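What follows is a short report on a single structure.
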Amino acid sequence: MKELLAKPGFLADASTLGADVSYSLAVIFTGLFLASWRLAKKGLGTEHHRLIFISMVSMVVYFVAYYWARQLGVLALEGKEGFGGPESTYNNVFIPILSTHLVLVVIGLILTIYMIIQGFRASIKTNGEYTLKEGPLNVKPGRFKRVYLTLLGLWGANQILLTFVRDKSAAASLAWALIFATIAVVVSLEKLIENRLPDVAHRHRVLGRGTMIIYCLILVTSTLTYLMLYVIYPVKT
Ligand code: HEM
């Protein structure tokens with residue numbers, strides 16, 4: 001598989017098949033998200049919801065394949081072997097763009113999960129058609145408590161598993177602690193979001209537009225990364 005992905009690509013002289021397939025998929029999935037935004041703008045809530053679902057599943061498959069097959073982040077963190085340009089450009093331009101890309105990817109993934117759940121909570125289905133509810137929608141304080149306790153329980157169980165069964169390092173425990181802490185922070189942000197955007201339909205529209213803009217920025221930063229690696233500064237062999 002590795003050899004196949006390393007074969008010459010079809011988009012640029014210096015690119016690889018793996019890089020070109022993953023970049024083409026990024027373009028297609030961003031296109032699907034933007035098309036679902038257009039559907040929502042036209043008031044086609046059900047079609048919007050269906051396309052969002054297809055795009056999300058495809059995007060998750062893409063992300064897994066992207067980091068597994070291409071290991072772009074790993075390449076960049078290991079050194080500049082994959083970058084043929086000057087060291088100053090690598091440090092001052094390439095790395096900041098790549099870091100921004102990775103941060104946006106993480107924010108995009110968190111927002112996607114949040115928006116899918118929010119989309120269902122904000123919508124009402126009548127005669128098979130989704131429309132947004134108007135008015136306030138708040139999570140009950142008791143539910144917040146239950147979510148935090150569940151998170152704490154899951155973290156504790158996972159920690160016991162990591163330490164006593166899987167014999168994992170302290171770094172693995174720290175990484176998992178950070179993941180659970182991120183989920184807890186996102187949950188606690190919900191109260192702030194409810195206060196700032198009390199109307200649930202308005203909340204879905206504002207956060208949805210923000211999420212769509214993040215998807216576009218992810219595509220912009222991955223395009224810049226692609227161009228720098230394979231078009232502007234390819235490694236000369
Ligand atoms: C990643 C997830 C999602 C994103 C980014 C998103 C984004 C958006 C945006 C930007 C709008 C407003 C369009 C505009 O006026 O500019 C919107 C409207 C809407 N969304 Fe979502 N959405 C998501 C998930 C969902 C889900 C899961 C549902 C239903 C279960 C849903 C149902 C609706 C409905 C009914 C509307 C109103 C359409 C109308 O104006 O009639 N959305 N969404």
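Derivation of every value follows stated rules applied to the coordinates shown; laboratory data play no part. Just so we're clear, the structure is a prediction, and the values are computed from it rather than from any experiment. Every residue, glycine among them, receives a Cβ derived from its backbone with ideal geometry; neighbour counts consider all protein chains shown.
Here's how it looks for GLY84: its modeled amide H is under 5 Å from those of VAL235, which are all 5 or more places away or on a different chain. Converting phi to 3J(HN,Hα) with the Karplus coefficients 6.51, -1.76 and 1.60 and the offset θ = phi - 60°, the stretch 5-15 yields 5, 8, 5, x, x, 10, 9, 9, 4, 9, 7 Hz in sequence order, with x at every glycine or proline.
Divide the volume of the convex hull around the Cα atoms of the stretch 95-183 by the residue count and you get 173 Å³ per residue. Cross-link reach is defined here as a Cα-Cα straight distance under 29 Å, omitting same-chain residues fewer than 8 places apart; for LYS191 the lysines meeting it are LYS41, LYS125, LYS133, LYS140, LYS145. Taking amide hydrogens as placed 1.01 Å from N in the peptide plane, the amide H of THR16 sits under 5 Å from those of GLY9, each at least 5 positions away in sequence or on another chain.
Between GLY43, ILE107, SER173, the Cα set farthest toward the positive side of the dipole of the chain (charges on each charged residue's Cβ, about the Cα centre) is that of GLY43. Only Lys, Arg, Asp and Glu carry charge here, each on its Cβ (+1 for the first two, -1 for the last two); on that basis the chain has a dipole of about 900 debye about its Cα centre.
Taking GluC sites (Glu not before Pro) as exposed when their DSSP state is a loop state and no more than 16 other Cβ atoms lie within 10 Å, the longest site-free interval of the chain runs over 135-237. Dipole magnitude for the stretch 131-198: computed about the Cα centre from +1 point charges on Lys and Arg Cβ and -1 point charges on Asp and Glu Cβ, it is near 160 debye. Report note on the peptides 39-45, 11-17: ranked by the mean count of other C-beta atoms within 10 Å, highest first, their order is 11-17, 39-45. Amide H contacts under 5 Å for LEU137: VAL200, restricted to partners 5 or more places along the chain or on a different chain, H placed in the peptide plane at 1.01 Å from N. Simple rule: put +1 on each Lys or Arg Cβ and -1 on each Asp or Glu Cβ in the chain, find the dipole, and look at PHE94, SER55, VAL21; the Cα lying farthest toward the positive end is SER55.
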